[in-house]
Amino acid sequence: MDMHIVLSVLAEMRRFRQRDHWTRQQLESYQADALRSMRDYTYAHSPFYQRFHQGLTDAPLQELPVLTKATMMEHFDDLVTDRAIRLEEVKAHMRALTGDERFLGRYWVNATSGSSGHPGIFLFNRAEWITVLGSFARAREWGGVKLDLTHRVKTATVASTSAFHMSTRVNATAHSWWMPEIRLAASEPLESIIQQLNAWQPEVLIAYASMARILADEQLAGRLQIRPRAVFTSSEVLTQETRRSIVQAWGERLFNQYAATECGSLAAECEHHRGMHLMEDLMIFEVVDQDNRPVPPGVYGDKLLITVLGSRTQPLIRYELSDSVRLSPDPCPSGHSFALIDDIQGRVEDVLSFPGVAGGVVNVHPLVFSRIMDTLPVSGWQVIQEADGLHVLLSGVHGEFGDEMLADSLQHALREQGAIVPRVEVQRVDSIPKTAAGKAPLIKSNLRQAGIQSSGTRDSRKV
C-alpha cells in the first residue's frame, strides 16, 4: 500500500471524526458551500451538464432534473470533466485489470454488475478515491473497528472477486501488512469457504447478507468456528431473521452498511443499532416517490437521489439509485446529526408487479414476502416471478412445515394486496442460485414484458 495514500486516509478520518460531532446547522452550511463549489466546477468542465442544466445553473438543487444511470452511460464522454477520458478506452482498461492499476495513470475505475439492467462505470481521481477509502474506514470505525497502524486487523471478505468490483478495488489499494485480508468469492463452494475462514480466523468478517446468514448457520452447526469481533453486511437487504441468525451466532457484533459503486459507503450502523447513519457530509440525499417528490420520515420512498459533494471527475447531481429506503423519524442516542435510515426494503427492481383485481397493476414490495419467508426454518430462500407464476426456492430446511401451507400463505398475502393471485410452486433445493457476483437476491423477476418491471422514469430534457 502506498504510504502517501495511508497518510491521506488517516487525515481524512480525522476530518470525518470532527464532522461526526457537527450540529445540524453546521452540516447544512457545509453542504451548501460544497454543493456550490461542485456545481461551479461541473458547469465549467462538463459539456453534458452545460446542456442538461441549461437555464438552471442557479436553480435550487430540488429543481434540477434527475440523472439516471442509463442517461449517464449514454453521454459518458461528455459528462466526465476530463476530455482525455473516453468510454471505450476505459472499458479496455477494465478488461486488463489485475490489481491497483489506474486509467491514464490517475483514475481508479469501478463498475457495477449490471444487475439492475444498466451496468455503470465510475472513475475516481486521487482525492475522490481517498474519500471512498475513508468512507469504508468510517463505516468500520462506527462498528468499533478503528484504523490503527499499530495493530493488524485480519479481515475476511466473502463477496465478488471481479477485478472491477468496488470492494476488490478498495482491497487492491488498501491491502497491506497491517490490513491483511483474504477475499473469497461468494460463488465458491461453501465447504471451501468454511475451510479457508477456519484457517484464517478473521477478526472482521464482511459478507453479503445472504452469505452471512449461511455462514451463521454453519457457525451454529459447529462446522464454521470463527470469532470475529465485528460482522459487516452489505449489498443485499438484511432481513430481521437474517439479523437474528447472525446475532445468535456471534452476538451483538453485526453492523449493516449501505454502499454503492457510484460513491463508496453511503450509510452505516453504529453501536446503538437503530439504523444506518447517512454520510451527509459526503452526499446530499433525497428520499423521493416515483415522481421524484420528497417523502417524509417513516415512509418508504420509491428511490433515492444522491448528489456527491466531492465528485469532480464524474459529477453525480441528483443521481437516481433505485433503492426503497425509509428515514427514521427518531434521533439516534449517539447524537449524530446525520439522518438515520431505519430500513431498506430493496430496489425498485425487487418490486414484483401483478395484474390487479380492480384492474391495472399492483406493485408488491419485498417486505410482503419477507414477513412470511423469514418465519420459516430455512437457511435461504428466493422468490422468482416467471410467466407461469411464482417459484419459491428453499434451501437448508431444518424444521417441519407444509409446502402447500406456505403457498397458501403467500397467495393470501398477495390477495390482501389486491393482486390477482398467481400459481405458487415451492421447491426445496440444495442451494439458492447466485449471480455472477455471488449474490443471492431474495426477490427476482424473469419477466421481460414491457410495463411489468419499471427501473424508474427517465428525464425528458434534451441532452
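The values are calculated or read from the model by the stated rules, or taken from the named source; none is laboratory data. On a predicted model such as this, the values are computed, not experimentally measured, just so you know. Please note: Cβ atoms are built from the backbone with ideal geometry, for glycine as well, and neighbour counts cover all protein chains shown.
Would you check if there is a residue in region 131-142 being in the same structural domain as residue 172 (by TED's automatic domain parsing), more than 19 Å from the chain's Cα centre (by Cα) and among the charged types (D, E, K, R)?
Scanning region 131-142 turns up no residue that is in the same structural domain as residue 172 (by TED's automatic domain parsing), more than 19 Å from the chain's Cα centre (by Cα) and among the charged types (D, E, K, R).
Here are some residues: 407, 387. Which one is farther than 21 Å from residue 242 by Cα and either without any contact (Cβ under 8 Å) to a residue 24 or more places away in the chain or not aliphatic (A, V, I, L, M) (or both)? Quick ask: steps written out before the conclusion?
Numbers: 387 fails: either without any contact (Cβ under 8 Å) to a residue 24 or more places away in the chain or not aliphatic (A, V, I, L, M) (or both).
None of the other options fit; the residue is 407.
Can you tell me which of (1) part of a helix (DSSP H, G or I); (2) in contact with a helix residue (DSSP H, G or I) (Cβ under 6 Å, 6 or more places away or on another chain) is the one residue 99 doesn't meet?
Going through the list (1) part of a helix (DSSP H, G or I); (2) in contact with a helix residue (DSSP H, G or I) (Cβ under 6 Å, 6 or more places away or on another chain), residue 99 breaks only (1).
Which condition does residue 344 not pass, out of (1) at pLDDT 95 or above; (2) part of a strand (DSSP E or B), if it passes all the others?
(1)
I'd like to verify a number: residues in region 398-449 that are part of a strand (DSSP E or B) and of a type in the set (A, V, I, L, M), how many?
Final tally of qualifying residues: 5.
Looking at residue 258 and the list (1) more than 19 Å from residue 67 (Cβ to Cβ); (2) assigned to a strand (DSSP E or B); (3) modelled with pLDDT of 95 or more; (4) not aliphatic (A, V, I, L, M), which single condition is not satisfied?
(3)
Considering only residues that are of a type in the set (S, T, N, Q) and more than 14 Å from residue 391 (Cβ to Cβ), look in region 410-443 and name the one that is nearest to the chain's Cα centre (by Cα).
435
Would you check which residues across region 239-259 are among the small types (Gly, Ala, Ser) and either out of contact with any Phe, Trp or Tyr (no Cβ under 9 Å at 6 or more places or on another chain) or closer than 20 Å to residue 203 by Cβ (or both) and list them?
Selection gives 245, 249, 251.
Limited to region 209-233, what total is found for residues that are in contact (Cβ under 8 Å) with a residue 60 or more places away in the chain, surrounded by fewer than 24 Cβ atoms within 10 Å (Cβ to Cβ) and either of a type in the set (Gly, Ala, Ser) or in a strand (DSSP E or B) (or both)?
Total meeting the criteria: 1.
Exactly one condition in (1) under 20 Å from the mean Cα position of the chain (by Cα); (2) closer than 26 Å to residue 6 by Cα is false for residue 100; which is it?
Among (1) under 20 Å from the mean Cα position of the chain (by Cα); (2) closer than 26 Å to residue 6 by Cα, the lone unmet condition for residue 100 is (1).
Return the total of residues in region 267-295 being within 28 Å of residue 241 (Cβ to Cβ) and without any contact (Cβ under 8 Å) to a residue 60 or more places away in the chain.
Of the residues in that region, 4 qualify.
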